[in-house]
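Undergrad: If you scroll down you'll find the structure; I have some questions about it.
The values are calculated or read from the model by the stated rules, or taken from the named source; none is laboratory data. Fair warning: this is a prediction, and the values are worked out from it, not measured in the lab. Here the Cβ positions follow ideal geometry from the backbone for every residue, glycine too, while neighbour counts run over all protein chains shown.
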Ligand SMILES: CC(C)(COP(=O)(O)OP(=O)(O)OC[C@H]1O[C@@H](n2cnc3c(N)ncnc32)[C@H](O)[C@@H]1O)[C@@H](O)C(=O)NCCC(=O)NCCS
Ligand SMILES: Nc1ncnc2c1ncn2[C@@H]1O[C@H](COP(=O)(O)OP(=O)(O)OP(=O)(O)O)[C@@H](O)[C@H]1O
């Protein structure tokens, strides 16, 4: 089995690229979505987040996402604490998810903070989806109905594209001038010798 990581800055097009992988019948683990599920279901995460940020971070069983977002985006120490709580649990859950898909030749994880979370050590190859920062901010602002400042705060909480590109095995250009279908097909051809 080849384990691929797909990352890229906010609004870069990771989810669109991962939909192309799904078209090739490759299962994709959506780290954002699975992390949010764990935030609401993992007693370990809940206890540690409450110990660090207080009980009103949760309304009943549900994490108040807006409250946590306001605490971590623009505060490096709170971001570090939160990542140290959530990412190890997310990594454990990802490994279980992989074990249940052993019959697939290739699987992928869609993770905005793949390198920051240390997931690279769990993977065989990593792919960075790149687009100009202003394009990314416009796309994400349109999609999420967040202000450009809120998107920029999230972008500033992530490794920048150049650092990610230096760590990547493959780059996918999603600037509207390169075909995503062709770039994904080329990567799958390149890795086909590995399995
Ligand atoms: C803080 C949370 C609750 C905010 O959720 P909310 O729905 O309000 O914001 P949303 O998820 O839309 O955030 C938008 C973007 O922020 C970025 N982002 C999310 N978590 C992080 C993080 N820890 N570090 C840097 N950027 C992050 C992603 O690009 C995400 O798409 C949520 O983002 C979260 O639980 N983050 C911590 C877990 C995590 O690292 N998830 C990403 C795994 S790759
Ligand atoms: N090449 C493109 N042309 C036009 N719109 C695009 C393109 N690629 C992505 N988009 C749109 O931009 C927005 C961001 O794309 P996507 O959600 O795939 O990014 P992402 O990297 O997953 O972002 P995030 O990290 O915020 O989840 C989406 O609304 C998507 O439909």
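Undergrad: Looking at residue 85, is it buried (at least 18 other Cβ atoms within 10 Å of the Cβ), in contact with a helix residue (DSSP H, G or I) (Cβ under 7 Å, 6 or more places away or on another chain) and not in a helix (DSSP H, G or I)?
TA: In short, no.
Undergrad: State which residue pairs qualify: first residue closer than 10 Å to residue 40 by Cβ and inside segment 55-79, second residue assigned to a loop (DSSP other than H, G, I, E, B) and near ligand 1 (Cβ under 10 Å from one of its atoms) in any location, beta carbons under 7 Å apart, and separation of 6 or more residues or different chains.
TA: 58/64
Undergrad: Also, I was wondering about something else. Would you mention how many residues in segment 139-170 are within 14 Å of ligand 2 (Cβ to nearest atom), in contact with a helix residue (DSSP H, G or I) (Cβ under 6 Å, 6 or more places away or on another chain) and outside any loop (DSSP other than H, G, I, E, B)?
TA: Residues meeting the conditions: 4.
Undergrad: Search segment 25-45 for residues that are within 17 Å of residue 64 (Cβ to Cβ) and in a helix (DSSP H, G or I) and pair each with any residue that is more than 13 Å from ligand 1 (Cβ to nearest atom) and modelled with pLDDT under 95 when their beta-carbon atoms are under 7 Å apart and the residues are at least 6 apart or on different chains.
TA: Every condition considered, the pairs that remain are 40/61.
Undergrad: Hey, residue 22 hits all of (1) touching a helix residue (DSSP H, G or I) at 6+ places or on another chain (Cβ under 8 Å); (2) at pLDDT 95 or above; (3) within 25 Å of residue 184 (Cβ to Cβ) but one; which does it fall short on?
TA: The single condition residue 22 does not satisfy is (1).
Undergrad: For segment 99-138, name all the residues that are under 17 Å from residue 6 (Cα atoms), part of a loop (DSSP other than H, G, I, E, B), in contact with a strand residue (DSSP E or B) (Cβ under 6 Å, 6 or more places away or on another chain) and away from ligand 2 (no atom under 13 Å from the Cβ).
TA: Within segment 99-138, 123, 124 meet the criteria.
Undergrad: OK, next. Which members of segment 94-109 meet the condition of being touching a residue at least 12 places away in the same chain (Cβ under 8 Å) and more than 10 Å from residue 29 (Cα to Cα)?
TA: 95, 101, 102, 104, 105, 106
Undergrad: Could you list all residues from segment 1-21 that are within 24 Å of residue 177 (Cβ to Cβ), more than 15 Å from ligand 1 (Cβ to nearest atom) and out of contact with any strand residue (DSSP E or B) (no Cβ under 6 Å at 6 or more places or on another chain)?
TA: Scanning segment 1-21 gives 19, 20.
Undergrad: Checking the structure you have, find out if any residue of segment 179-190 is free of Cβ contacts under 8 Å to residues at least 40 places away in the same chain, farther than 18 Å from residue 13 by Cβ and not in a loop (DSSP other than H, G, I, E, B).
TA: Within segment 179-190, one or more residues are free of Cβ contacts under 8 Å to residues at least 40 places away in the same chain, farther than 18 Å from residue 13 by Cβ and not in a loop (DSSP other than H, G, I, E, B).
Undergrad: Sort through 91, 31, 112, 35 and tell me the only one that's modelled with pLDDT under 95, within 14 Å of ligand 1 (Cβ to nearest atom) and surrounded by 15 or more Cβ atoms within 10 Å (Cβ to Cβ).
TA: After ruling out the rest, the residue left standing is 112.
Undergrad: Which residue, of 65, 46, 80, is more than 15 Å from ligand 2 (Cβ to nearest atom), loosely packed, with under 13 Cβ neighbours inside 10 Å, farther than 30 Å from residue 106 by Cα and modelled with pLDDT of 95 or more?
TA: 80
Undergrad: Does segment 27-42 hold any residues that are closer than 20 Å to residue 3 by Cβ and away from ligand 2 (no atom under 16 Å from the Cβ), and which are they?
TA: The answer is 27, 38.
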